[in-house]
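Visitor: I'd like to ask you about the structure that follows.
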Amino acid sequence: MAIAPYGSWASPIAIELLTSGTVTLGAVDCSEDGVYWLEGRAQEDGRSVVVFRRDGEEPVDVVPAGFNVRSRVHEYGGGAYCRHGETIFCSSFDDGRLYRFDAPGAEPSPITPEPDTPSALRYADGRVTADGRLLICVRERHGDGEPVNELVVLPTDGSAEPSAIASGRDFYSSPRVSPGGARLAWTTWDHPRMPFEGTELRVADLGDDGSLSGERLVAGSSSEAIVQPEWSADGVLHFASDRSGWWNLYAERGEEVVALHPAEAEFAFPPWVFGLARYAFLGNGRIACIVGRRGTDSLEVLDPRAGTLEPLDLPYTAFPASTLCSHGDRIVFVGSSPTEYSAVVTHDVARRTTELVRCGLSVQLDRAYVSVPEAIEFPGADGETAHAFYYPPTNPDFTAPEGELPPLIVDVHGGPTAQSFAALALPFQFFTSRGFAIADVNYGGSTGYGRAYRERLDHRWGEVDVEDCVAAAEHLAGTGKVDPARMVITGGSAGGYTTLMAMARRDAFAAGISEFGVVDLVTFHGDTHKFEARYDELLVGRWPEEEELYRERSPITYADGIARPLLLLQGLDDEIVPPSQSEQIVEGLARRGVPHAYLAFEGEGHGFRRADTIRRVLEAELSFLAQLFGFEPADEVDPLAIASLDGAPH
C-alpha cells in the first residue's frame, strides 16, 4: 500500500466512467410482454431516450437518433412520455410538441400543432383513455405575461387540436383516467403554494369527447398536500396525503377517505417533476410501495385488508427515479444501494424472482474502492437533530501520511425540499477514492423525515440550512474524522445558495463551489419561472411587504464577506437561476481580489447533462481543490485558472 497525501490518490473511478460509462435511468413502465424506461445519455449531448426491452430480447430505442424525450413544463419537466399498448406518445425537448410512435423505431408523427414560437406550447404527464382514442395531459402555454397551465384533451391521432377541459387554476398535475374511462382525477393548486404545501385532489365524470362534468373535491387544502393519485383495477381512487404529518396512503371508499396504513414513514416524494409514482397495484388487492424512513427507502408490500406492511427481501435502499409500476405481480423500478449502481429491475412478488434489466453503469466497480456511507445525526440549528450521510476516504491502494486528516466536502442538495439518499453516486466515489471525505447533508427542510422536519425551513432559508451544514462539518471535525482547516462546501441551485450564504456569513469552510446558485433573492423573485415564482414567500417572507428580509437573506448582500476561494459553475441557458445571478458574485470577487474561477457552459440549463460539460466540471473541481490544498492530482487534468490565487490557504 502506497503512502500519499489525501486527494492525490490514483483511482480506477476515472472521469471517462462518469461521462461515457453511465446513463441516467428513470420513468419506468411495463406491459404484458416487456419493460419501458427513459435513458439519459450524457455522451449524446444529454438527450433522453425511451427504451423498450421485450421479454427475452435485447433493448431497442423507441425514438430515432437525435430525438430528445423531455418536457419543459415547470422547466423541471418529467412525465415526458406515456403509453397505450405499444404506441408511445412523447414530448420533444426541441420544439415542445407531442409525437406519436406506433412501434419502436417508427417515424415520429406530430399530434399537436406547431406553435408560432418554438416551445411556446408544452405538454407533460399524459394518460390515454382505455379505448385509445383520447390523450389527456397538462399543457403550459407561453406568451405575453405569466404562462398558463391547464388540462387538455386531444385525439391520439392528432386529427384535432388540444382543447382545455380544466383551467383557471395556477397549476395542474397528475390527470389519471379511471379503468373504465368514466372518471378523471387530478391535482391542482394555486400561488403562492408549492405542491408539497397544499393541493386539492379533484374528480369529475369524463365524457366520450373528453369533457368534464360533476367536478368535486375529494381531499386536500391549503395545508394538506395530496400527491400521486392513482386508480386501482377495480376503480378505487388512491392517493398520498400528509394530513398526519407523513405522506401515507389513502383510498376513497364511498364517501369516506380511509388511511390504509398509518405510519411515521413517507410513501411519496415532493413532485418537483411530473410522473412520480412510489406505489403500484398488485393482485389480490395488495400494493407495492417505496417507503422512506429516516432518509432510507425500502420496497414493501401493503395489504390493506390485513393492515400489514412487509418489506421485500431486496438489497435496494434508494429509488432515485421515484417511479414504480406493475403488471400483475411483477413490479418494475429503478433501484440502487450504497454498493450497487442505479438499475432498471423487475421483481415478481409471487415467485420472489428478480431480474436486472439495465444497469446505468457500463462496468462492474470493484467494491474495494467504494465508500459506504454511515448515517450520522448531530445537533443542528436551534439544537434540533439534523441528519447526513458520511462517506470516508476509501482506496485499498493508498494510505495517507501519519497524522494527516482528510479534507472534507460538504455536499448540499437542491430543492431545497429535496433529499439525499444512501446510494452509489459516482461523483462522490470519484472524490472519496482520491482521498476526500464527504458529508451529504439532509438539513432541516429536507424530505424523508416527515412534514415537521420539512417545515423547519419555512421563513428560515439561509439560516437553518446553513447552520445544519456548518454543524455537520464541525461535528465531523470534532470527532477527529476530517481536517478542520480543509473543509469545503458545495451545492447546486438551492444548494448553491446555501453554499454562498455559508461562505459569506460563516468561516467554517476554506473554500466553496457553487453550481448555478441563487445569489440575489430580490431579483430572483422576478426572474425565475412560474412554478417557483412564489416559493420564496414560504422560504423567506411575504412579498413585497418583507422585501428587506429578502435582502438580508441574499448572498449578494454579504458578498464582501466572501474572503476565501470560490468556484462558480453556470449553465448559460438556465431559465431557473439565470447566469446574471452568478455574474454578480464574480464581479465582486474580482473587484476585491478574492481567489475565484467562473465557468459558464453554452447549451446547458439548470443541471449539467452533456459529457463534455461533466468532464470539464470534474476536472475544474479537482484542480481547484488541488491548488488550494497543495497536492498533486494523480489524474491528468486541464488546470483551472484561478484569479487572484496568491494568498489562498494551503
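Visitor: Looking at the range 96-133 only, could you name the residues that are of a type in the set (D, E, K, R), closer than 25 Å to ASP208 by Cβ and under 24 Å from the mean Cα position of the chain (by Cα)? Before the answer, list the steps.
Guide: Residues of the range 96-133 that are of a type in the set (D, E, K, R), as a first pass: 97, 100, 102, 107, 114, 116, 122, 125, 127, 131, 133.
Still in the list and also closer than 25 Å to ASP208 by Cβ: 100, 102, 125, 127, 131, 133.
Matches in the range 96-133: ASP125, ARG127.
Visitor: Of all residues in the range 148-168 being closer than 19 Å to ALA120 by Cα and assigned to a loop (DSSP other than H, G, I, E, B), which is most open to solvent (accessible area, probe 1.4 Å)?
Guide: Here the residue is GLU161.
Visitor: For residues that are small (Gly, Ala, Ser) and in contact with a Leu (Cβ under 9 Å, 6 or more places away or on another chain), scanning just the range 182-211, find the one that is most open to solvent (accessible area, probe 1.4 Å).
Guide: Top of the filtered list is ALA182.
Visitor: Testing ARG609 on (1) in a helix (DSSP H, G or I); (2) of a type in the set (Lys, Arg); (3) buried (at least 20 other Cβ atoms within 10 Å of the Cβ), one condition comes back false. Which one is that?
Guide: ARG609 satisfies every listed condition except (1).
Per-residue answers, yes or no, for (1) part of a loop (DSSP other than H, G, I, E, B); (2) in contact with a helix residue (DSSP H, G or I) (Cβ under 7 Å, 6 or more places away or on another chain); (3) at positive phi; (4) touching a residue at least 24 places away in the same chain (Cβ under 8 Å):
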residue: ILE513; (1), (2), (3), (4): no, yes, no, yes
residue: GLY517; (1), (2), (3), (4): yes, yes, no, yes
residue: ILE556; (1), (2), (3), (4): no, yes, no, yes
residue: GLU583; (1), (2), (3), (4): no, no, no, no
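Visitor: Next question. Could you list all residues from the range 612-639 that are assigned to a loop (DSSP other than H, G, I, E, B) and crowded, with 19+ Cβ neighbours inside 10 Å?
Guide: Taking the range 612-639 and keeping what is assigned to a loop (DSSP other than H, G, I, E, B), we get 630-639.
The one that is assigned to a loop (DSSP other than H, G, I, E, B) and crowded, with 19+ Cβ neighbours inside 10 Å: PHE631.
Visitor: Does ALA219 count as closer than 26 Å to PRO179 by Cα, among the small types (Gly, Ala, Ser) and not in a loop (DSSP other than H, G, I, E, B)? Reasoning before the result, please.
Guide: Values: closer than 26 Å to PRO179 by Cα: yes; among the small types (Gly, Ala, Ser): yes; not in a loop (DSSP other than H, G, I, E, B): yes.
Yes.
For (1) touching a residue at least 24 places away in the same chain (Cβ under 8 Å); (2) closer than 28 Å to ARG122 by Cβ, each residue gets a yes or a no:
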| position | (1), (2) |
| --- | --- |
| ILE226 | yes, yes |
| GLU230 | yes, yes |
| ASN248 | no, no |
| LEU276 | yes, yes |
| TYR279 | yes, yes |
| ARG294 | yes, no |
| PRO304 | yes, no |
| CYS325 | yes, yes |
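Visitor: Part of a helix (DSSP H, G or I), open to solvent by less than 40 Å² (accessible area, probe 1.4 Å) and of a type in the set (D, E, K, R), is that true of GLU537? Even if it seems obvious, please write down each step before you answer.
Guide: Numbers: part of a helix (DSSP H, G or I): yes; open to solvent by less than 40 Å² (accessible area, probe 1.4 Å): yes; of a type in the set (D, E, K, R): yes.
Yes: the conditions hold for GLU537.
Visitor: Mind checking which residues of the range 12-40 are in a loop (DSSP other than H, G, I, E, B) and within 30 Å of GLY605 (Cβ to Cβ)?
Guide: Start the filter on the range 12-40 by keeping residues that are in a loop (DSSP other than H, G, I, E, B), which leaves 12-14, 20-21, 23, 32-33.
Passing the criteria: ILE13, ALA14, SER20, GLY21, VAL23.
Visitor: Now a separate question. Taking GLY214, is it open to solvent by less than 10 Å² (accessible area, probe 1.4 Å) and on the phi > 0 side of the Ramachandran plot? Reasoning before the result, please.
Guide: Values: open to solvent by less than 10 Å² (accessible area, probe 1.4 Å): no; on the phi > 0 side of the Ramachandran plot: yes.
No.
Visitor: Going through ALA437, ALA471, ALA485, ALA510 one at a time, which residue ends up being out of contact with any strand residue (DSSP E or B) (no Cβ under 9 Å at 6 or more places or on another chain) and farther than 23 Å from GLY607 by Cα?
Guide: Values: ALA437 fails: out of contact with any strand residue (DSSP E or B) (no Cβ under 9 Å at 6 or more places or on another chain); ALA471 fails: out of contact with any strand residue (DSSP E or B) (no Cβ under 9 Å at 6 or more places or on another chain); ALA510 fails: out of contact with any strand residue (DSSP E or B) (no Cβ under 9 Å at 6 or more places or on another chain).
ALA485 is the lone residue from the list that is out of contact with any strand residue (DSSP E or B) (no Cβ under 9 Å at 6 or more places or on another chain) and farther than 23 Å from GLY607 by Cα.
Visitor: Which of (1) more than 21 Å from SER582 (Cα to Cα); (2) within 18 Å of the chain's Cα centre (by Cα); (3) open to solvent by less than 10 Å² (accessible area, probe 1.4 Å) does TYR449 not meet, given it meets every other one?
Guide: With respect to (1) more than 21 Å from SER582 (Cα to Cα); (2) within 18 Å of the chain's Cα centre (by Cα); (3) open to solvent by less than 10 Å² (accessible area, probe 1.4 Å), TYR449 is out only on (3).
Visitor: (1) under 27 Å from the mean Cα position of the chain (by Cα); (2) touching a residue at least 60 places away in the same chain (Cβ under 8 Å): which one isn't true of GLY283, the others all being true?
Guide: Exception for GLY283: condition (1).
Visitor: If you check every pair at least six apart or on different chains, which have Cβ atoms under 8 Å apart with a residue in the range 461-480 that is over 18 Å from GLY517 (Cβ atoms) first and a residue that is in a helix (DSSP H, G or I) and at pLDDT 95 or above second?
Guide: These pairs meet every condition: ALA471/ALA381.
Visitor: Run down ALA422, ALA418 and say which single residue is surrounded by fewer than 22 Cβ atoms within 10 Å (Cβ to Cβ) and under 14 Å from the mean Cα position of the chain (by Cα). So that I can check it myself, show each step before the final result.
Guide: On the way: ALA422 fails: under 14 Å from the mean Cα position of the chain (by Cα).
That would be ALA418, the only listed residue that is surrounded by fewer than 22 Cβ atoms within 10 Å (Cβ to Cβ) and under 14 Å from the mean Cα position of the chain (by Cα).
The values are calculated or read from the model by the stated rules, or taken from the named source; none is laboratory data. Just so you know, these numbers come straight off a predicted model, no measurement behind them. Every residue, glycine among them, receives a Cβ derived from its backbone with ideal geometry; neighbour counts consider all protein chains shown. In case anyone asks, the SASA skips ligands and DNA or RNA and just uses the protein heavy atoms, side chains included. Shrake-Rupley method; radii C 1.70, N 1.55, O 1.52, S 1.80 Å.
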